[in-house]
Amino acid sequence: MEVSLGTMVLMPAIAVAAPLLVRAIGRWAAIPLVVFEIVLGLLLGPALLGWVRPDDFTGLLADFGLAMLFFLAGNEIDFRTIRGRPISRAAIGWLMSLAAGIGIAALLAPDLSAAVFIGIALTSTALGTIMPVLRDSGDLRTPFGVAVMALGAVGEFGPLLAISLFLSGRSELLAAGFLIAFAVVAGLAIWLASRGIGRGMHATIAATLHTSGQFAVRLVVLVLLSLVALSILLGLDMLLGAFTAGVIYRILLTGAPPHDAEIVETKIEALGYGFLVPVFFINTGVTFDLAALFADARTLVLLPIFLVLFLVVRGLPSMLAAPPGSSRRDLAATALFGATGLPIIVAVSAIGVDERYLPSGTAAALVGAGMLSVLLFPLIALALRQRRSRGADRSPVDDLHTPTAG
């Protein structure tokens, strides 16, 4: 396996520098952490300075990081909270996005196969990216946050199903058969977990929380890799297995003492967000094909077009999931969070280039637009929410003391 010693040192250095930059610049703008990870990877990667070069070792870690990101996203979803109107409205909106995405992409792509790749990429929502933003802003448990959580759940699970059905290289009927087989196995595991099969492990988890046993963390790795292996065995996208593993693990922890569950969550987040997930985002910047993006003016023009299409294809239908009575600012913020996407865009683009359905320049434009969506859309959405909050906090007494014209 090819390993670059410089890369081995510089990638963790980027991972350490990124949160420091977030804290330093956070006084003026709440820029998501992943933006710094990607930008620093791009800056130090082959496209610019060339200090960090992709190798087999970091590529493998990045794949694990992507799987862990989807595991954490599945583990974050509280289906009891988003059931009913939020999840049903989000599902309807995603189906509208899929139809619109493939339809519009057919006008831009050279053939139908490329249009399917682009269309699926346009329907994604980066739940694992926006959840920390919502948590930090205090919106996660609000009706607005619940709506965005539902959008993210559908916006990650829906594209994963579409990838497994349409981009597996098999006939749709055969792919559907393997997908049903996976659903049966995963459904059985979820049913067993919901019936309390994991409660007998709670004592072992509690007994090893502060020992070298670390049973909970080892169980995470087992559940994650087992579902990923099953996905690969059935010819499905590995991220479908990773996402499902997160759902199952959350159910397994149901009923554990709250203090123990909180410690376990902290350890899992430390493994994911502290080690594996940053490698994926940094590697995304390192491997970004900047030359292909700037090689042709027509390719470069695709970047802002895709950014706008994220808003049109994914953002507008996302407003269906907004809480009843939402203000215009909240509707706009819902659309912006729904249109924020990157991990699935990276995965779909990579498959498209590997299968030679997507030109590398088009893939670079898609990923670049995804990077910009992560940078811009949450910032604008939070700004809209904050302006709304300041307006909502204004009392009639304040109005009495406001000077009027003249």
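The values are calculated or read from the model by the stated rules, or taken from the named source; none is laboratory data. Since we're looking at a predicted model, the values are computed, not measured. Note that each Cβ is placed from the backbone with ideal geometry, even for glycine, and that neighbours are counted across all protein chains shown. The accessibility values were calculated without ligands, DNA or RNA, using every heavy atom of the protein model including side chains. Shrake-Rupley method; radii C 1.70, N 1.55, O 1.52, S 1.80 Å.
Some observations on this one:
- Across His210, His259, His202, the residue with the most accessible area heads the list, and the full order at a 1.4 Å probe is His210, His259, His202.
- Value at 222 nm in deg cm²/dmol, rounded to 500, when DSSP H runs of n ≥ 4 in the chain each add -39,500 (n - 2.57): -23500 deg cm²/dmol
- Evaluated at q = 0.13, 0.19, 0.22, 0.23 Å⁻¹: base-10 log I(q)/I(0), Debye formula over Cα of segment 85-207: -0.73, -1.12, -1.19, -1.21
- Highest-first arrangement of 277-286, 233-242, 40-49, where packing means the average Cβ count within 10 Å: 277-286, 233-242, 40-49
- Rounded, prolate or oblate (a/c below 1.5 giving rounded, otherwise prolate when a/b exceeds b/c) for the chain by Cα gyration tensor: rounded
- Percentage relative contact order, segment 12-160, counting C-alpha pairs under 8 Å, at least six apart: 21
- For segment 155-226, with all protein chains in place and a probe radius of 1.4 Å, 72% of the accessible heavy-atom surface sits on carbon or sulfur.
- Temperature 37 °C, viscosity 0.692 mPa s: under these conditions the Stokes-Einstein estimate for segment 305-363, based on its Kirkwood radius over C-alpha pairs, is 257 µm² per second.
- Ligands, DNA and RNA left out, the accessible area of segment 309-364 computed with a 1.4 Å probe is 58% carbon and sulfur.
- Helix runs (DSSP H) in the chain reaching 27 Å along axis by Cα, Kyte-Doolittle at least 0.5: 5-25, 56-76, 85-108, 143-166, 172-194, 360-392
- Mean Cα-pair separation over length for the chain, i.e. relative contact order, pairs under 8 Å, 6 or more apart, %: 27
- Share of carbon and sulfur in the accessible heavy-atom surface of segment 1-141 [1.4 Å probe, %]: 68
- Average accessible surface area per residue within the chain, 1.4 Å rolling probe, Å²: 46
- In this structure, the amide hydrogen of Leu358, modeled 1.01 Å from its nitrogen in the peptide plane, lies closer than 5 angstrom to those of Val353, counting only residues at least 5 positions away or on a different chain.
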